[in-house]
Amino acid sequence: MIRILSQDIIDDSHWTYKRVTYEADVGGEIRQTSREIFDRGDASAILLYNIARGTVVLTRQFRLPAFLNGGEETLVEVCAGHIDDGDAHATVLRELREETGFVIPSAERVFECYMSPGSMTEKITFFIAPYEMHDRTETGGGLADEGEDIETMEVRFAEAVAQIASGEIRDAKTILLLQYAQIRKLFG
């Protein structure tokens, strides 16, 4: 049994950071605990793949938290974005167009997971989709008014997997989708 006692907003200038106090039955004893939670909503992510070319589409962009934690100026990632309207599929197709310039009609939902459930509410819905080079009909690069400056890269799948081991790819959602592609044997 879980009972929420209070939810106090610490900051909500962009996302919501709050302290939640709750009671839980732990081995027959009711205990009260407080935790600070970062509620940024949910997101969706996509791995574009081309079996004939043996490639995937990735992005490279600056991420302030990674820079502050490890000094990394950019991260290699799959395309992803925050779900504004409750529709993970529409979000991932929109983000794909904005970030990479690829316009595709649909994507296959493959799984969803919590990225850091000890402190964040965020759940990501993951997609995959095949692509052809003629699907890149727009410029991409992200939205300037959101401060985005995103590089689109076509990378050989085997090279992307090797970049996990070398540490060049350190983004969890990207690692998950590349490993999913390996498990599913998309590239043989």
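Quick notes on this one:
- Output for region 1-60, where each listed residue is without any contact (Cβ under 8 Å) to a residue 60 or more places away in the chain and outside any strand (DSSP E or B): Met1, Asp12, Ser13, His14, Trp15, Gly27, Gly28, Ala52
Quick grid of which residues meet (1) touching a strand residue (DSSP E or B) at 6+ places or on another chain (Cβ under 9 Å); (2) surrounded by fewer than 12 Cβ atoms within 10 Å (Cβ to Cβ); (3) not basic (Lys, Arg):
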residue	(1), (2), (3)
His82	yes, no, yes
Gly86	no, yes, yes
Tyr114	yes, no, yes
Arg136	yes, no, no
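- Test result for Leu178, within 20 Å of Ala66 (Cβ to Cβ) and buried (at least 17 other Cβ atoms within 10 Å of the Cβ): yes
- Whichever residue in region 93-117 is closer than 15 Å to Thr152 by Cβ and of a type outside the set (Asp, Glu) and, among such residues, is nearest to the chain's Cα centre (by Cα): Leu96
- From the options Ala90, Ala43, residue that is surrounded by 13 or more Cβ atoms within 10 Å (Cβ to Cβ), of a type in the set (A, V, I, L, M, F, W, C) and closer than 20 Å to Leu176 by Cβ: Ala43
Bear in mind these aren't lab numbers, they're just calculated from the coordinates by the rules spelled out. Remember, predicted model here, so these are calculated numbers, not experimental data. Ideal geometry is used to build each Cβ from the backbone, glycine not excepted, and the neighbour counts take in all protein chains shown.
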